[in-house]
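Working notes for the structure below.
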Amino acid sequence: MTNVGFIGLGIMGGPMALNVLRGGRSLTVFDTNADAVDRLVAAGAKAAASPAAVARASDVVITMLPDAPDVERVALGPNGLRDGFKAGSIYLDMSTIDPQTGRGVGAELAKIGVAMVDSPVGKTAEHAVKGTLTLMVGGEPDVVARVRPILDLMGTDFFYCGGPGAGHAMKLVNNLLATALIAVNSECLVAGVKAGLTLDVMTSVMKTTMAWNNQLAIAMPARPFKGDFEPGFMLRLAHKDCRLAARMIEALGVAGPVGKATLAVCQEGLDAGLGGKDVGVILSMREAPAGATVRSQT
Ligand code: NAD
């Protein structure tokens, strides 16, 4: 597995691809954004003219694309990976998409002898640069074992979640829960300030109760409580993840009222033109109409 292909060289995929290159693999890349390709070529990668051309040059192809239709198009569309893959190659999708789409693509590729692994990632662009991402991995164990050395070039926290699609499912339930926590934290804290409570009192009490969570402990103090709503993790990506999670939950026959409410909160932010802000901007969406702010003293 020395010849690696990489498609989707954006905020996350760009540095992840660089780490694969620095790990001594021969790398062939494609992206619809020529500047993103040029950055990798300057570092020693080869450019290909299409996903099919990437697949022809590679034993394993990685995608890090925005959304499920992008993955379907790149894998199965005209001049897609399917048109270039040799039997025995492996397709490794690291995008955050839904397990239904991932498994559908995997089933099509299995017909030509190509196995698929899903490994969406957790943490941030900074961790992508450092190669310290969380890897949520789904696939047949023997296939996962073959791509493990490549995954280890991009991440340090490796979690085998189960068979094909398990990584995608893990990522969606994780991100829906994380976004729901920001939404409910924001609602409760702004209400608390309006009721005369300070942030310090609220967090001091909550630290001792079942209300405490990592958004309150880590993410909200880092940015939103300082009035910083720049990304970070963009609201439009959180919206996409909640949309895919709500769809998955519905397909599984599980009632999902909180997921739908969280998606509606994200949609409210997109409608207000805040999609490019950090997901923590949900706090400001509750602050502004209430005429109250939730800010740390430090
Ligand atoms: P991005 O928009 O920065 O990068 C996506 C790249 O894919 C772009 O370079 C774009 O030109 C390319 N692309 C889109 N369609 C293409 C196509 N048809 N063919 C070839 N290239 C195409 O997005 P990102 O922030 O790097 O996110 C990628 C994935 O990682 C998303 O699924 C996202 O949800 C997930 N993710 C992002 C973060 C984060 O903090 N940004 C963290 C974890 C996971």
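The values are calculated or read from the model by the stated rules, or taken from the named source; none is laboratory data. What you are looking at is a predicted structure, and each value in this text was computed from that prediction instead of being measured. Neighbour counts run over all protein chains shown; Cβ positions are idealised from the backbone, glycine included. Just the protein is used for accessible areas: all its heavy atoms, side chains included, with ligands, DNA and RNA removed. Shrake-Rupley method; radii C 1.70, N 1.55, O 1.52, S 1.80 Å.
Some notes on this structure:
- A simple spin-label model places pseudo-atoms 7 Å from Cα toward Cβ; at Phe158 and Leu177 they are separated by 2.3 nm.
- Cα pair distances exceeding 24 angstrom across the chain, given as percent: 54
- Antiparallel bridge percentage (DSSP; both residues within region 87-160; nearest 5): 25
- Tyr160 contributes an accessible area of around 100 Å² to the protein surface, as traced by a 1.4 Å probe with all chains present.
- Taking every DSSP bridge with both residues inside the chain, close to 15 percent are antiparallel.
- Accessible area in square angstrom per residue, the chain, 1.4 angstrom probe: 44
- FRET efficiency, Cys188 to Arg73 (Cβ-Cβ, R0 45 Å, nearest 0.05): 0.65
- A cut-off under 15 angstrom between Cβ atoms defines the neighbours of Ala251, and their net charge, with Lys, Arg +1 and Asp, Glu -1, is +2.
- Charge dipole of the chain about the Cα centre (unit charges at C-beta), most positive-ward option of Ile112, Leu21, Gly77: Leu21
- Dipole magnitude of the chain about its Cα centre (Cβ charges: Lys, Arg +1; Asp, Glu -1), debye to nearest 20: 240
- Subtracting the Cα-Cα distance of Leu270 and Arg295 from 0.36 nm times their residue separation leaves 6.7 nm of extension gain.
- Across the cross-link table entries Lys226/Lys277; Lys46/Lys86; Lys130/Lys171; Lys86/Lys123; Lys171/Lys260, which are compared at the Cα atoms, the separations over 22 Å belong to Lys86/Lys123.
- Per DSSP, loop chymotrypsin sites (Phe, Trp or Tyr not before Pro) in region 221-298 with at most 11 further Cβ within 10 Å: none
- Extension gain (nm, one decimal) between Lys207 and Ala110, 0.36 nm per residue minus Cα-Cα: 30.0 nm
- Nonpolar atom fraction for region 134-201, defined as the carbon and sulfur part of the 1.4 Å probe accessible area, stands at 64 percent.
- In region 243-293, the portion of solvent-accessible area held by carbon and sulfur atoms comes to 62 percent [1.4 Å probe, whole percent, DNA, RNA and ligands not counted].
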